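Novice: Quick one: this structure, given as structure tokens, is what I'll be asking you about.
The values are calculated or read from the model by the stated rules, or taken from the named source; none is laboratory data. In this text, all values refer to a predicted model and were calculated from it rather than measured experimentally. Cβ atoms come from the backbone with ideal geometry, glycine included; neighbour counts cover every protein chain shown.
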Amino acid sequence: LYLHFLIDDLRQAEDVEQVLAKTPPGFEKYVEQQLERLDELDLPEQRWQFFALLAVAKGVLEKEDIKRLTQMRDRQLRQLHQSWQVTRWMQITEGKFYAFAHPLLATTFASQLGDDAEDALHHLIDYCGQWEDHHSSYALRYYTEHLKDLKKWEELYAIARDEEFFMAQQQKLPDEPDLPLKTVQTALLGAAKEDKAEKMAEFLLVHAHRLKQINIQESPLDALRLGSLEGALKLAEQYEIERCILWYLLLTWELKDEGRWEEAQETLKKLQQKDLPYFSRNWGTDWQVGYAAYLFAYIFEVSEETCPTFHQKLFLGSNRHLFCNFLIERGEPKAALKIAEEIILEHKQFFPLSSILELQSDKGNNQESKAIFAKALEITRKTFPRRDWVLYMGDIAKVQMAVGQREEAKATFVEAIETVQEIQNQKSRMSTLIDIADFQADVRLFSDASETLQGIDMQGASEDSWIALAEVQAKIGTREQVVTSFNRAKQIAWNIEDKVNQENTFYTIASTQAEIGELADALETTKELASLNPQSIGGILLNFINKRKCDNKDFTAVIETASIIYEKIQSPFYKAKIIKAIVAAQVKKSQQCQGDFAEALRITNLFNDQTLKAEALIIIAKGQAELRLFDQALKTASMIEIQKYKDQALVAIVQEQATTGQLEDSFITGSHIQKQCTREDALLAIAKADAQSKNFSRAIRIANRLFNPFTRFKLLKSIAAIQVEVNQVKGARNTLAIGINSSLMAELSYQQALALVNVAKALLAVSQNEKGLAYSKNAYKIVEEINEPSKKIDILAYLGKIYAKAGQRNEAIDIFTKAIDIVKNLEKQTSPNSVDLSIVKLFTTIGIWQTRAGEFDITLETVHMIKLTKDKALVLKNLAQSHPDGEHRERLKIALTTVYENALSSSHWLLDHPATTLSSIAVARMALGDREAALATFAEACELVKQEKTKKINTNPDYLLSTIAIAQAEAGETSLASENAEKIEDGFQQVATFSDIALFQSSKGDQGELLKTLNAALKAKEKISDKRKQLDALWWIAEIQAMAGQVEQAFRTAEKVLTKRNQLLCHIVTNFTQLKNKDNVKKILIPCAYSFDTAYGMCGCLAYLYPEKAEKVAKIVKEFSVS
């Protein structure tokens, strides 16, 4: 910098040597000398003011700012532009933006100008304070930074919360959408510096609110259409990384379609330079994969260099199927084939080439088709001897026939048959040749198929091979051979010792016979199956009816067979299953008679089981609705006594009404559906019908009404796809933008209520019971606004505990009773004989909070309402940990014994595994002081898992081992816990297990064991080969590091986490809060301010950390409103 200005000097000098001789060493001395020379010029005072203002300004000053601050007029500014001695130090842009050419110049000039600079700074700050009069861009950008420097905290807070200042920033500086957030962040950090908990709470919430306002008022797509790509990308950056990616892809599509190819390529390039996570198809993120794959398919041609490899950074092998399918839908077979080749060869996953090849069937027999088929064959040859090899060959040959390449198709089959000879295993060779003959028959090469079958040696063939052979023979038309093959399959089946396999084989034979049109034979086989086990007869008869086109004669035959089997069955339950099949057949028969459902309805009176009767009535209501007999269908639905099933019948009616264009009637029908998620299924059907009829605006309005965000996301994408089909592409992008911008967060009322209860808990902890109860009452009022039952129960149950701890036992019992009544009403809508996991979870939640409230008797009552033993045991474990004594202790032991006995006899091992139940019982026994019994119970649970691993039962032994290990850690048996955790084979499950073990070690302050667990988790992480799971595992690693006191390492690990990083940091905050570590909590304030759930969560932490300020924090939470 010094050299630059010195050279500038020398260019102006007449005597260079003399200038050099007088030039002092060092930049500051040089500037001091230049100021002395400016003094000699006797510049007007206004120019000195000009220098001083630029020296203290934090950024560019505009012409109007200069004029107001220095009183210079336009003529004087023009003169200033002509003064080399002044302008040489400046950067003057477009004649109206002023700044020093380098920040170091400003700092040096400010130092040399002394009190002039100080006066200019105060003058500038006063000017910023008058922002309402002039709306100066400088004031809107830098006023809060000046206030922070001067520690004028209250003025800073006032500006940060000022809605008009926020709106002025948006209106004046639309290309800087993050500016309002920076303003609030400055105030938030100021509050942290002042150590004011209530101010930190306030600006956490203000920040979340500002971000929501910005996102609602203008999306990145809006900004782009208003002419600012830069502003659009800045807005996109405010979202979490997954949505940020979606915005970039959507913007790229818009740019491409508007012919702005270079900008589209540049946008894609910027995205590729980021650290990008893989999109994963987990619960809650599935919609993002769908959006990303759909959008990427529409920008694939933007860059031939980037796109073919870029998709590998976004989609794991399993998710490339989806991307490939969207390319197929777009009619891009060459691009789709490249992706399919990766899936097939690199990831060794099956991909149906037929969908790609079928694109060519409409194009006919041309060179492009031949090239596509040749490439497909090339890929297929590389897959041999994988089982899916023959399926690819068949797909190719079928499409070759479809486009008229008959000889090429026959050549493909010949190649396949020749290749089969390389298969060494005789049974594999046999099944593959049957597959080839099946494909030949499908394309009507019957003589070729017969020839292929004749070449098969069926010696030692299994029942499955004979069934497959019969299917091909049926297509060829050789009925006698079909009967012979089925008979051979039956002969083998009768000799199968394993009863389950034997029954499955007869089931398969009967189903196959029905599918190929041999219904009489299928019914005879069904009778044979009934002699073995009547359990599946109802199901197979329904299968016949639903999967095959039948006439009246067929339905009558099914009904007669069902009636014969019905008489031979003793079990009332399986009798009812047969009646259900008869009803279904009668409904199909009635449909063919155009509407006489009286006999079907009469049959339903034979049901004793209300659940099966309800299922049968649903079948009738659906059949009536399909004939548009909606009044009859509604009357049938009204006969269903169980609300859950009544809702299902009404949804079926709504779907038919919507499909036939009776949208207003469908709305009325849907309004009678009680369960929210089922009502949303009805709205989904109506919205799709609206979209199909091009009523996109109402379809989108319905989508925005949906409570379930994931249903909303998928519906909006479906609407967009229909818009693209009808060439409303711009509208489609609008619809996708709504989806991307849609909120995933829980209801604000829930978040606010939870924060108030957490703050109330903090107040009770410092004996401020009266104030704690006051804010609990505020939370209780908010509960009525919460729609989602699980969230409502969470708050009510938590409040019950709070009231109990505050000595308000009667009120606590009333609250628990209210929660129980809500769940009971929900349970009435379900089948009494089924297990609804959501209901089980709600009762369990209430039970756990009742134990924490010290309510022994009502907890046991709640346990009786829980239908799964593992959840009963979970509540009893919590009850044991509440340290019951005397009579309660003995009653609890009896309850534990009962649950223990029920666990071992449970028939729902997938839902209710005894190892999980035993783990909770063991912890309970340890809490009751019976270590010997606890260890024996843990050993029994481990033995169950060991037996299952030996027998290879499909129940995920790693997950069960994890459950046992975590329970052992909870019981204080950390050595046993670590030992079992080490036995877990899956590295990802292992890291998760160590994270939970660490929680219990942390609660006991065992730092030595924590460090051992951390090392074990790091070692387990190295076993994970899946890249996405490796990144996901970092979440748990960071949490363990935080618990172990490795703060900086935790932060560094968190930085590597690409998805939900802010939520992770907020999880880490909980650990710092428990340790009363205020400084580390403050480091995470800004990440926690990016959503309401994390902001409200942080408010609870602040109340705990600052008990003396808890009431002020509570007041902020209570009074904060979202406009």
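Novice: May I ask you to list the residues in the stretch 893-935 that are free of Cβ contacts under 8 Å to residues at least 12 places away in the same chain, hydroxyl-bearing (Ser, Thr, Tyr) and part of a loop (DSSP other than H, G, I, E, B)?
Specialist: Correct list: Ser905, Ser907.
Novice: Taking the stretch 1031-1044, which residues are at pLDDT 85 or above and either farther than 19 Å from Ala998 by Cα or not in a helix (DSSP H, G or I) (or both)?
Specialist: Answer for the stretch 1031-1044, where residues must be at pLDDT 85 or above and either farther than 19 Å from Ala998 by Cα or not in a helix (DSSP H, G or I) (or both): just Ala1044.
Novice: Looking at this structure, is Leu1105 at pLDDT 90 or above and closer than 11 Å to Leu204 by Cβ?
Specialist: So Leu1105 does not fit the description; no.
Novice: Only one of (1) outside any helix (DSSP H, G or I); (2) within 30 Å of Lys867 (Cα to Cα) is not met by Ile822, so which one is it?
Specialist: (1)
Novice: Modelled with pLDDT of 90 or more and surrounded by fewer than 17 Cβ atoms within 10 Å (Cβ to Cβ), is that true of Leu226?
Specialist: So Leu226 passes the test.
Novice: Still on this structure, I have one more. For the stretch 387-404, enumerate the residues that are under 15 Å from Leu359 (Cα atoms) and either of a type outside the set (Gly, Ala, Ser) or not assigned by TED's automatic domain parsing to the domain that holds Arg444 (or both).
Specialist: Result: Asp395, Ile396, Lys398, Val399, Gln400, Met401, Val403.
Novice: Among (1) in a helix (DSSP H, G or I); (2) touching a residue at least 24 places away in the same chain (Cβ under 8 Å); (3) assigned by TED's automatic domain parsing to the domain that holds Trp466; (4) aliphatic (A, V, I, L, M), which single condition is Ile423 missing?
Specialist: (1)
Residue-by-condition table, conditions (1) farther than 16 Å from Ala915 by Cβ; (2) in contact with a strand residue (DSSP E or B) (Cβ under 7 Å, 6 or more places away or on another chain); (3) buried (at least 23 other Cβ atoms within 10 Å of the Cβ); (4) without any contact (Cβ under 8 Å) to a residue 24 or more places away in the chain:
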| residue | (1), (2), (3), (4) |
| --- | --- |
| Ala965 | no, no, yes, no |
| Gln968 | no, no, yes, no |
| Ala977 | no, no, yes, yes |
| Glu982 | yes, no, no, no |
| Val991 | yes, no, yes, no |
| Phe994 | yes, no, yes, no |
| Phe1000 | yes, no, no, no |
| Gly1008 | yes, no, no, yes |
| Leu1011 | yes, no, no, no |
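Novice: Another question, if that's okay. In the stretch 697-724, which residues are surrounded by fewer than 22 Cβ atoms within 10 Å (Cβ to Cβ), farther than 14 Å from Tyr294 by Cα and charged (D, E, K, R)?
Specialist: Result: Arg698, Arg701, Arg705.
Novice: Scan the stretch 328-355 for residues that are in contact with a Lys or Arg (Cβ under 9 Å, 6 or more places away or on another chain) and aliphatic (A, V, I, L, M) and jot them down.
Specialist: Ala336, Leu337, Ile339, Ala340, Ile343, Ile344, Leu345, listed by residue number.
Novice: Another question, if that's okay. Do we have any residue at all in the stretch 658-670 that's under 30 Å from Leu246 (Cβ atoms), modelled with pLDDT under 95 and assigned to a helix (DSSP H, G or I)?
Specialist: Yes, because at least one residue in the stretch 658-670 is under 30 Å from Leu246 (Cβ atoms), modelled with pLDDT under 95 and assigned to a helix (DSSP H, G or I).
Novice: In a helix (DSSP H, G or I) and surrounded by fewer than 21 Cβ atoms within 10 Å (Cβ to Cβ): which single residue out of Asn778, Asn727 fits that description?
Specialist: The conditions single out Asn778.
Novice: May I ask you to list pairs of residues, at least six apart or on different chains, whose Cβ atoms are under 7 Å apart, with the first in the stretch 151-172 being within 16 Å of Phe203 (Cβ to Cβ) and assigned by TED's automatic domain parsing to the domain that holds Ser137 and the second being among the small types (Gly, Ala, Ser) and surrounded by 17 or more Cβ atoms within 10 Å (Cβ to Cβ)?
Specialist: As it stands, the answer is Trp153/Gly190; Leu156/Ala187; Leu156/Gly190; Tyr157/Ala187; Ala160/Ala187, since those pairs meet every condition given.
Novice: Going by what's in this entry, would Leu205 be described as crowded, with 22+ Cβ neighbours inside 10 Å and modelled with pLDDT under 95?
Specialist: no
Novice: Restricted to the stretch 38-70, and to residues that are outside any helix (DSSP H, G or I), more than 26 Å from Leu150 (Cα to Cα) and not charged (D, E, K, R), which residue is modelled with the lowest pLDDT?
Specialist: Once the filter is applied, the top-ranked residue is Leu41.
Novice: Evaluate the stretch 667-675: report whether one residue or more is hydroxyl-bearing (Ser, Thr, Tyr), in contact with a Phe, Trp or Tyr (Cβ under 9 Å, 6 or more places away or on another chain) and under 30 Å from Lys791 (Cα atoms).
Specialist: yes
Novice: Any chance the stretch 596-605 includes a residue that's in contact (Cβ under 8 Å) with a residue 12 or more places away in the chain, closer than 23 Å to Ala489 by Cα and not in a helix (DSSP H, G or I)?
Specialist: No, every residue in the stretch 596-605 fails to be in contact (Cβ under 8 Å) with a residue 12 or more places away in the chain, closer than 23 Å to Ala489 by Cα and not in a helix (DSSP H, G or I).
Novice: Taking only the stretch 831-882 into account, find how many residues are in a loop (DSSP other than H, G, I, E, B), among the aliphatic types (A, V, I, L, M) and under 30 Å from Asn608 (Cα atoms).
Specialist: So the answer is 3.
Novice: In the stretch 1045-1055, what residues are closer than 17 Å to Leu1014 by Cα and part of a helix (DSSP H, G or I)?
Specialist: Of everything in the stretch 1045-1055, those that are closer than 17 Å to Leu1014 by Cα and part of a helix (DSSP H, G or I) turn out to be Val1047, Glu1048, Gln1049, Ala1050, Phe1051, Arg1052, Thr1053, Ala1054.
Novice: Could you tell me whether Ala812 is farther than 30 Å from Thr898 by Cβ, part of a helix (DSSP H, G or I) and in contact (Cβ under 8 Å) with a residue 12 or more places away in the chain?
Specialist: So Ala812 does not fit the description; no.
Novice: Check the stretch 691-706 and report whether any residue there is part of a helix (DSSP H, G or I) and either touching a residue at least 60 places away in the same chain (Cβ under 8 Å) or within 25 Å of Gln591 (Cα to Cα) (or both).
Specialist: No: the stretch 691-706 contains no residue that is part of a helix (DSSP H, G or I) and either touching a residue at least 60 places away in the same chain (Cβ under 8 Å) or within 25 Å of Gln591 (Cα to Cα) (or both).
One line per residue, one yes/no per condition, for (1) under 30 Å from the mean Cα position of the chain (by Cα); (2) under 20 Å from Cys942 (Cβ atoms); (3) not small (Gly, Ala, Ser):
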residue	(1), (2), (3)
Gly972	no, yes, no
Ser978	no, yes, no
Gly987	yes, no, no
Lys1012	no, no, yes
Arg1028	yes, no, yes
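Condition check ((1) in a helix (DSSP H, G or I); (2) surrounded by fewer than 22 Cβ atoms within 10 Å (Cβ to Cβ); (3) in contact with a strand residue (DSSP E or B) (Cβ under 7 Å, 6 or more places away or on another chain)) across all residues:
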{"position": "Glu342", "(1), (2), (3)": "yes, yes, no"}
{"position": "Lys348", "(1), (2), (3)": "no, yes, no"}
{"position": "Ile356", "(1), (2), (3)": "yes, no, no"}
{"position": "Lys370", "(1), (2), (3)": "yes, yes, no"}
{"position": "Leu377", "(1), (2), (3)": "yes, yes, no"}
{"position": "Thr380", "(1), (2), (3)": "yes, no, no"}
{"position": "Val390", "(1), (2), (3)": "yes, no, no"}
{"position": "Ala409", "(1), (2), (3)": "yes, no, no"}
